[in-house]
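None of the figures in this text is laboratory data; all of them are computed from the coordinates on show. Treat the numbers as computed from the prediction; the structure is a model and nothing was measured. Cβ placement follows ideal geometry from the backbone for every residue including glycine, while neighbour counts extend to all protein chains displayed.
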Amino acid sequence: MMASDAATALDITDGNFLPTKWSAWIALPVREHDLAVKTSRGLVRVPTVVVAANYHPRAPAPPQIRRARHLGARRRRVSVQPAASSRPRKATSTHVVPRSRGGQTSWENCVLAHREVNSRKADRLPQEAGLRLRTRPSVPRALPVTAFIRNHHGVADWEHFLQLK
C-alpha cells in the first residue's frame, strides 16, 4: 500500500508523528528496537503504524455487498424467517419492497430470507406473501476502527492511538 501511495507510515520518534511516504521510508535508518526486513537494497524498517490515504468510515451500500453472508454479518442476521439466520449459506438477500414496485437497494430495504421463502415471496410485499419481518431493517451503526484493534503483541507505538482498558 505504501509503494502505491495508498498509505503512508508514521515515523514515531520521541512522541513526534511524522507521516512518511515509501520513497523516504526505505531510506530511514533501522533502530535497535525496530523490526526490519532484508531487501536487495539492504535492511528496511517495518512500519508499526500505517495510515490509509483514502479511508471512508461509512458502511458500503448493499450493491457493493451482494453476497447474503456479508449482508447477514452486517445486519446481525435480520431476516424474514428464523431458518435464514441459522443457515446463512441457504439464505439470499431480498428486497422488502420489491424493485419492480419501486423499492430501492438500500440497507433499509434489504433483508435475508431462506431461498424457498424468497422464491415464495417473489415480487410481493412480505404481508402479501404471508410473511412478517422479525425486525425492521436499518443502516448498521458505525463503529470506530479502534473497537476492533487489540494490542496483543504490546507494540509501544500503538499506545498513542488505542484506548486500552
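Stretch Arg101-Leu18 to full length: gain in nm at 0.36 nm per residue minus the Cα-Cα span?
Contour length minus Cα-Cα distance gives 24.5 nm.
Please compute the modelled spin-label separation between Arg136 and Leu43, points set 7 Å along Cα→Cβ, answer in nm with one decimal.
Placing both labels 7 Å beyond Cα along the Cβ direction yields 6.1 nm.
Given a Förster distance of 25 angstrom, what is the FRET efficiency for Asp34 paired with Phe161, based on the Cβ-Cβ distance and rounded to 0.05?
Calculated value: 0.90.
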